[in-house]
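Remarks on the structure that follows.
The values are calculated or read from the model by the stated rules, or taken from the named source; none is laboratory data. All figures in this text were calculated on a predicted structure; none of them were measured in a lab. Counting neighbours? That spans all protein chains shown, and the Cβs are built from the backbone with ideal geometry, glycine included. The accessibility values were calculated without ligands, DNA or RNA, using every heavy atom of the protein model including side chains. Shrake-Rupley method; radii C 1.70, N 1.55, O 1.52, S 1.80 Å.
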Amino acid sequence: MNEFLQAFVSLLAITNPIIAAPMFLGIVAGMPVAARRRAAGQAAMAVLAILAGAAIGGRYILELFGISLDAFRTAGGLVIILVGLDMLRGSPSGIQRDEASPEDAEDRIVVPFAMPLIAGPGAITTAITLSVAYPSRLYLPVIALFASVATAAVLWATLRLALVRQRLATPRVERIFTRFMGLILVAIGFQIGMLGIRDFFGLGGA
C-alpha cells in the first residue's frame, strides 16, 4: 500500500490535473454539454493508455537500448526532481508544454491536452521509472498500472468537477497546488534517484 501511494502521488503530482483544468475548459468551450462530458472521459482514457503503455513497455525499451534498470531509475529520479523544481517556482515544467496545437477541439483533447500537457515526457518517464522502481513477481508492473488507473480517475473527476464549477480552478488554487506538488515531487524523485545510485554501485547493505 505504501508503494502504491508513493507511485500514485508521483504520477498525480507530475500530471497536475488542477493546472490542466483551465486549458480543458478552454478547449471544450462552445461544445454541447454532452460533448464536454464525453471529452473529459476521452482525455482520461488517453492519459491512461499513454501511462499504462509506458509502464508496460518501458522495461523492454530499456533492454533494447542496453540501459540498466538502476541507471534509468537514477535518471528518472533526476527528471522528477527537475520537474518538481520547476513547479516549486510556480509554473508547469517546460517539458510538459507543446506549442503546436491542432485546430479541431476533439483533436486537441488528445494532442496537446492528454499528451504532452498531462502525459508528457516527464509523466511518461515517471511511469517507466515506477515500473522499474517497484517490480512485481508478476509479468506486469502492477503498482505502476494501478497508479496510472488512479491518476486517470482523478483527472476525470477533476475535469468533470471543473465543468460543473468552472470557478474551482482559480489562479490562486493553481499556484498553491503547483508548489505543494512540486515539493512532493522533489522528495520522491530524490528518494528514487538515491535508491538507483545505491543499487547501481552495489551499496545496499545486507
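Here is a yes/no grid of residues against (1) open to solvent by 30 Å² or more (accessible area, probe 1.4 Å); (2) modelled with pLDDT under 80; (3) assigned to a helix (DSSP H, G or I); (4) of a type outside the set (Lys, Arg):
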{"residue": "137", "(1), (2), (3), (4)": "yes, yes, no, no"}
{"residue": "159", "(1), (2), (3), (4)": "no, no, yes, yes"}
{"residue": "162", "(1), (2), (3), (4)": "no, no, yes, yes"}
{"residue": "176", "(1), (2), (3), (4)": "yes, yes, yes, yes"}
{"residue": "192", "(1), (2), (3), (4)": "no, yes, yes, yes"}
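Consider residue 46 carefully, then state whether it is modelled with pLDDT of 85 or more and hydrophobic (A, V, I, L, M, F, W, C).
yes
Within region 2-12, can one find any residue that is of a type in the set (S, T, N, Q), open to solvent by 10 Å² or more (accessible area, probe 1.4 Å) and not in a loop (DSSP other than H, G, I, E, B)? Walk me through it before giving the result.
If we filter region 2-12 for residues that are of a type in the set (S, T, N, Q), which is where we start, we get 2, 6, 10.
Retained after the next criterion (residues that are open to solvent by 10 Å² or more (accessible area, probe 1.4 Å)): 2, 6.
So of that shortlist, the ones also not in a loop (DSSP other than H, G, I, E, B) come out as 2, 6.
Yes, region 2-12 contains a residue that is of a type in the set (S, T, N, Q), open to solvent by 10 Å² or more (accessible area, probe 1.4 Å) and not in a loop (DSSP other than H, G, I, E, B).
Taking region 68-78 only, how many residues are among the polar types (S, T, N, Q) and crowded, with 20+ Cβ neighbours inside 10 Å?
The total comes to 1.
Quick grid of which residues meet (1) at pLDDT 80 or above; (2) among the small types (Gly, Ala, Ser):
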{"residue": "129", "(1), (2)": "yes, no"}
{"residue": "147", "(1), (2)": "yes, yes"}
{"residue": "150", "(1), (2)": "yes, yes"}
{"residue": "173", "(1), (2)": "no, no"}
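Please verify whether residue 8 is more than 13 Å from the chain's Cα centre (by Cα) and of a type in the set (A, V, I, L, M, F, W, C), treating the condition exactly as stated.
Taking the combined requirement at face value, the residue does not satisfy it.
Rundown of residues vs (1) of a type in the set (D, E, K, R); (2) more than 16 Å from residue 155 (Cβ to Cβ); (3) outside any helix (DSSP H, G or I); (4) open to solvent by less than 40 Å² (accessible area, probe 1.4 Å), yes/no style:
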site	(1), (2), (3), (4)
14	no, no, no, yes
20	no, no, no, yes
27	no, no, no, yes
35	no, yes, no, yes
80	no, yes, no, yes
90	no, yes, yes, yes
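What residue, among those in region 49-67 that are assigned to a helix (DSSP H, G or I), modelled with pLDDT under 85 and not small (Gly, Ala, Ser), is least open to solvent (accessible area, probe 1.4 Å)?
Going through the qualifying residues, I end up with 62.
Considering only region 34-54, how many residues are in contact (Cβ under 8 Å) with a residue 12 or more places away in the chain and within 20 Å of residue 132 (Cβ to Cβ)?
Looking only at that region, the number is 5.
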